[in-house]
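**Q** Sending over a structure as structure tokens; questions will come in a sec.
Read-outs throughout are calculated quantities, based only on the coordinates presented, and are distinct from any laboratory measurement. Everything quoted here is computed from the prediction, not taken from an experiment. Backbone-built Cβ (ideal geometry, glycine too); neighbour counts: all protein chains shown.
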Amino acid sequence: MVQTPITSTQYPDTDGKPMADNTLQYQWIVYLVENLRRHFAGQTVFVAGDLLWYPVQVEPGQTPPRQAPDVMVVLGRPQCDRSSYKQWEEEGIAPQVVFEIISPSNTVAEMANKQTFYARHGVLEMYFYDPDSGNFWGFARETLDDETRLVMPLDLPWTSPLLKIRFEQYEQGLSVFYPDGEPFKTLQEFAEERDRALARAAQTQQHLDRALAKLKELGIDPETLNPS
């Protein structure tokens, strides 16, 4: 007899809402997630997009508080697959940084509620960006006991104290940079960069093959030129 695992419905893995309302919002979520994962590759850091976060465990029958940040960064937790982020199963570590990409359906009240939720449950840095209008703002604090600092476009360029990435505003909108100054890239730009590297490697190999063939034409064994 095959037994079906019993799953709890108290902490569902989805809130029934789409990841994004439009392609621009989706592109920004993917852009941030992929670049942040690259930034923290090899480190114990969890980066996720549109994942439900449950900060506290509640009694059976109660509705737990939850939010699904467009992007969350959790320093000190491993990058692995999760169906949701239950904080009590993660050594009690809350996401330290969250991002919200604003879509036309989002309201001011909704964003205010999210800001309150994030501040109450331990987020140290939260950033909000509307790619349609270019409006950007955020809140940052070093510890939970500190007052939050409002980050506005006038504060740009702004470097995240925790992530060390830099935000800059241009006419075409917000740009994000790695600590070394390299700009964040889209998946297409990563693919084009890989293709250029592969093309350069193939060209180098062709030049090497022609050089070896020329040596053989001259009666020179290339292996005899190896110092070892």
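**Q** Between the stretch 19-85 and the stretch 114-140, what is the separation of their alpha carbon centroids in Å?
**A** Using only Cα atoms, the two centres lie 14 Å from each other.
**Q** Suppose a student asked you for the relative contact order of the stretch 33-93, using Cα pairs under 8 Å spaced at least 6 residues apart; what percent would you report?
**A** Worked out over the stretch 33-93, it gives 39 percent.
**Q** Would you please classify the overall shape of the stretch 1-128 from the alpha carbon gyration tensor, given that a ≥ b ≥ c denote the square roots of the eigenvalues, rounded means a/c under 1.5, and beyond that prolate means a/b larger than b/c while oblate covers the rest?
**A** Here the stretch 1-128 falls in the rounded category.
**Q** Can I ask one more? With +1 on each Lys and Arg Cβ and -1 on each Asp and Glu Cβ, and nothing else charged, work out how big the dipole of the chain is about its Cα centre, in Debye to the nearest 20.
**A** The dipole of the chain has a size of about 380 debye.
**Q** Next question, about the same structure. Given Lys86/Lys185; Lys86/Lys164; Lys17/Lys114; Lys17/Lys86, which pairs have Cα atoms separated by over 23 Å?
**A** Lys86/Lys185; Lys86/Lys164
**Q** Normalised by the number of residues in the chain, what is the relative contact order in percent for Cα pairs under 8 Å and 6+ residues apart?
**A** Relative CO of the chain lands at 12 percent.
**Q** Once whole DSSP H runs in the chain are found, which of them have Cα atoms spread over 27 Å or more along the helix axis and a mean Kyte-Doolittle score of at least -1.0?
**A** Both cut-offs are met by 187-217.
**Q** Per DSSP H run of at least 4 residues, take -39500 (n - 2.57); add these up for the chain, divide by its residues and hand me the 222 nm value, nearest 500 deg cm²/dmol.
**A** -9000 deg cm²/dmol
**Q** With the crude spin-label approximation of a point 7 Å out along Cα→Cβ, what separation in nm comes out for Asp209 versus Asn113?
**A** Placing both labels 7 Å beyond Cα along the Cβ direction yields 6.3 nm.
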